[in-house]
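Heads up, the thing below is written out as structure tokens.
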Amino acid sequence: MTKIDLITGILGSGKTTFLMKYARHLIDSGQKIAILENDFGAVNIDMMILQELRCDSCQLEMIAGGLRCGLPQAPLQNSAHIPWYAAH
């Protein structure tokens, strides 16, 4: 079974701060994680901040343009290899 945590919130609500602390906790406890960042902005500042988490235990992927989950004609092509990573 693969655990999925969905973090949502309005602009400025602390999502990135929470994610940094939560991801660091999971990595430090020996878990492998994958972060799929769905951003609507022209510049993905969150992904720049999350880069410091990148290691053998943490894979980062970004979906530019946001709201992809509501567009059936726009599949999540960028995240095709995340299920493999999460399963190992």
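Some points to look at:
- Close pairs (9 angstrom Cβ cut-off, 6 or more residues apart or separate chains): at positive phi in the stretch 8-30, surrounded by 10 or more Cβ atoms within 10 Å (Cβ to Cβ) and hydroxyl-bearing (Ser, Thr, Tyr) anywhere: 30/57
- In summary, residue 46 fulfils each of the numbered conditions (1) at pLDDT 90 or above; (2) among the acidic types (Asp, Glu); (3) surrounded by 10 or more Cβ atoms within 10 Å (Cβ to Cβ) with the single exception of condition (1).
- Filtered residues of the stretch 1-22 (kept if β-branched (Val, Ile, Thr) and not in a loop (DSSP other than H, G, I, E, B)): 16, 17
- Picking from residues in the stretch 30-39 that are out of contact with any Leu (no Cβ under 7 Å at 6 or more places or on another chain) and of a type outside the set (D, E, K, R), the one that is surrounded by the fewest Cβ atoms within 10 Å (Cβ to Cβ) is 30.
- Filtered residue count, the stretch 1-47, keeping only those that are among the small types (Gly, Ala, Ser) and over 15 Å from residue 57 (Cβ atoms): 6
The values are calculated or read from the model by the stated rules, or taken from the named source; none is laboratory data. As the structure is a computational prediction, the values presented were derived from the model and not from experiment. So basically every Cβ, Gly included, is an ideal-geometry build from the backbone, and we count neighbours across all protein chains shown.
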